[in-house]
Amino acid sequence: MATTALPEVFKALADPTRLAVVERLGAGPASMSDLAGAFPMALPSFAQHLGVLERAGLVTSTKTGRVRTYRLAPRPLDAVGGWLSAQRRLWERRLDQMDAFLLTLKDQDLS
């Protein structure tokens, strides 16, 4: 997944309902009605949330008869994890540099 797609993934995960759906789908596939049952909203509103998740690539769906089943698509989450790891390494390096700088200042004050 390209980093240009990351904003859509973060946008999709920023909503508590969509985040809860992703967490639920981590346990396994579920139908739209099973997923919607946990939320106090009309089915068309809930379907919009699933559409956002699908467009972000976080879930896939299949339809068998009248039942639409959703599954977690973990690839975008792997991309988010990679991006977050890179950011963490960057900030840890910067903090280490700042720590080293502050220690040199402290050593200079003691001299």
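Read the figures in this text as sums done on the coordinates, not as results from a lab. Only a predicted model underlies this, so the values are computations on that prediction, with no experimental measurement involved. Ideal geometry is used to build each Cβ from the backbone, glycine not excepted, and the neighbour counts take in all protein chains shown.
Once every DSSP H run of n ≥ 4 in the chain is given -39500 (n - 2.57) and the sum is divided by its residues, what mean residue ellipticity at 222 nm do you get, rounded to the nearest 500 deg cm²/dmol?
For the chain, the value works out to -21500 deg cm²/dmol.
Mind listing the Cα extents of segment 3-110 along all three principal axes, in Å, largest one first?
76, 26, 23
Let me check against my output: what whole-number percent is the relative contact order of the chain, with C-alpha pairs under 8 Å and at least 6 apart?
RCO, the chain: 28 percent.
Dipole of the chain, Cα-centred, from +1 at each Lys and Arg C-beta and -1 at each Asp and Glu C-beta, to the nearest 20 debye?
Dipole magnitude for the chain comes out near 620 debye.
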